[in-house]
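The values are calculated or read from the model by the stated rules, or taken from the named source; none is laboratory data. Please read these numbers as outputs of a predicted model, since none were measured by experiment. All Cβ positions, glycine included, derive from the backbone under ideal geometry; neighbour counts span all protein chains shown. Note: areas computed on protein heavy atoms with side chains; ligands, DNA, RNA excluded. Shrake-Rupley method; radii C 1.70, N 1.55, O 1.52, S 1.80 Å.
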Amino acid sequence: MAKSAKPKNRYAKSEKLFAEAVKLMPGGVSSPVRSFKSVGMSPVFIKEGKGARLIDADNNSYIDYVMSYGPLIAGHCPPTVRAAVAKQIDKGSSYGCNSEPEIRLAALIAEAMGHVPMVRFVNSGTEATMSAVRLARGVTKRDLIVKAAGCYHGHVDALLVEAGSGATTHGHPSSPGVPEAVTANTLVVAYNNLEAAAKVFAEHGARIAVVMVEPICGNIGVVAPVAGYLQGLRELCDKHGAMLLFDEVMTGFRVAYGGAQGLYSVRPDITCLGKIIGGGLPVGAYGAKAEIMNQVSPAGPIYQAGTLSGNPLAMAAGIATLELLADGNAYSQLEALGARMETGLIEAAKSAGVAVAVQRVGSMITPFFLKNEAASKKQEGSPVVQNYAEALACDTAAYARFFKVMLDGGVMLPPSQFESWFISTAHTEGDIDATIDVAKGAFAAAKS
Ligand code: KE4
């Protein structure tokens, strides 16, 4: 009897590359969330991204909703971004001196976000939040930070406390190596809970330097602020002389050209940016009104610096990306694609009999896989997951089963329940419909 041929391993080359990678890099990755550990498989290696698609080492093609975790709002390698970077690289990548592209990108940000008239460029979101906290502490001469559980602000020691994203996916929200003394000044409150914030102010108000939040929490999956939450934080900060810091590394230029602060019309004192403003190259920024930013060295005493900060190559990519968004048309296109995806996911989950809460703001979307008790709580249309605890109660095993069928079906999703999917202007209605077709089988597989 002829032996039946072993099914071809569609990830053979990626597995071979991963075996090499783990010898050279911790976990075989450059960032934990890429490890695919939480979805029970070794990670794929990508060799090319174009438009809405990725191609991996085994030549599998995917409709991509990771989009580099947010920067690629115009898809992979948009022609104008590519041209801008190609033009700049011929003139050099970094000068160690000022260059005009820095002014151009800073001006685009200032024009788009009225509360960010002045910025300092850095090289990642983490650097932006780390520097912004130092600024808030330096200006207020206070030490305490208030952060919301589940919000992820990069791997800053003082902020790696009940953080979301990869810090949650791997189940150790507070990392070893962070001394108690460092986090002793970090107070954690539940997201979307004004009472909790008021209580911490009642106890520590005069010592609180800054309240920092993701104005839309994207790092436990997508959780929008409940009505009045952001304004309530604003009022508490005003009452107690603390600063309000919006970490818009993910939401900046994502949910609106003016960011979440524009969408919800709430004024932060300091804003952190990243991802989209770098158009796929490493950039971060923190900004505020001039009287605050002029406290930053060399204009003021609060020190912060960076070799590649404001490098013209990354600036060129950021300028070209924001120029693609400036006329605002992209956001109506992204809203329509996001709504199509939301409706499709809800219908597909329903017909598969899987309890899922699909939560979305614009082109950021997450299907939360609910366990029974949460599923029974779900009222049509009301957000089920409103904070970290409710996200952690989700069925991550069901998400893992869903993820694998989607991957095998040619759809690349974040390999974690606690991440947002990102839709870009390179995605088409056909891509969304094809994704929903694969999701029908994936929801069925997700059922335990
Ligand atoms: P980076 O240091 O990774 O550029 O930015 C940190 C950061 C800060 N603030 C917010 C709101 C963020 O979402 C992030 C980074 N986001 C994650 C994705 N959830 C980055 C992915 C990764 O860690 O590889």
**Request:** From the list ALA288, ALA260, ALA317, ALA242, pick out the single residue that is open to solvent by less than 40 Å² (accessible area, probe 1.4 Å) and touching a helix residue (DSSP H, G or I) at 6+ places or on another chain (Cβ under 6 Å).
**Result:** ALA317
**Request:** Check SER61, SER93 and return the single one that is hydroxyl-bearing (Ser, Thr, Tyr) and assigned by TED's automatic domain parsing to the domain that holds ASP408.
**Result:** SER61
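Would you list the helices (runs of 4 or more DSSP H) that sit entirely within region 310-415 and hold 2 or more residues that are acidic (Asp, Glu)? Give the derivation first.
On the way: elements: 312-325, 329-352, 372-377, 388-392, 396-408.
Those helices (runs of 4 or more DSSP H) span 329-352.
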**Request:** Inspect region 29-38 for any residue being within 16 Å of the ligand (Cβ to nearest atom) and in contact with a strand residue (DSSP E or B) (Cβ under 9 Å, 6 or more places away or on another chain) and give the result as yes or no.
**Result:** no
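Can you tell me which residues in region 283-299 are over 24 Å from the mean Cα position of the chain (by Cα) and touching a residue at least 40 places away in the same chain (Cβ under 8 Å)?
LYS289, ALA290, ILE292, MET293, ASN294, GLN295, VAL296
With region 48-156 as the region, which strands (runs of 3 or more DSSP E) entirely inside it contain at least 2 residues that are open to solvent by less than 10 Å² (accessible area, probe 1.4 Å)?
On the way: elements: 53-56, 61-64, 118-122, 144-148.
Per the criteria, 61-64, 144-148.
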**Asked** In this structure, does ILE365 turn out to be within 30 Å of ALA86 (Cα to Cα) and either outside the structural domain of ILE277 (by TED's automatic domain parsing) or of a type in the set (Ser, Thr, Tyr) (or both)?
**Response** no
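Based on this model, can you work out whether PHE418 counts as assigned by TED's automatic domain parsing to the domain that holds ILE63, aromatic (Phe, Trp, Tyr), outside any loop (DSSP other than H, G, I, E, B) and over 24 Å from ASN329 (Cβ atoms)?
Numbers: assigned by TED's automatic domain parsing to the domain that holds ILE63: yes; aromatic (Phe, Trp, Tyr): yes; outside any loop (DSSP other than H, G, I, E, B): no; over 24 Å from ASN329 (Cβ atoms): yes.
When the stated conditions are applied, PHE418 does not pass them.
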**Item:** Inter-residue pairs, beta-carbon under 6 Å, first closer than 21 Å to GLY306 by Cα and in region 85-97, second open to solvent by 50 Å² or more (accessible area, probe 1.4 Å) and not charged (D, E, K, R), 6+ apart
**Value:** SER94/LEU308
**Complete:** Checked LYS37, LYS16, LYS50, LYS91 against criteria (modelled with pLDDT under 95 and of a type in the set (Lys, Arg)); the one match is LYS37
**Request:** Please name all residue pairs, on different chains or six or more residues apart, with Cβ atoms under 8 Å, provided the first residue is in region 211-234 and is at positive phi and the second residue is among the polar types (S, T, N, Q).
**Result:** GLY221/GLN359; GLY221/THR366; GLY221/GLN417; GLY221/SER420
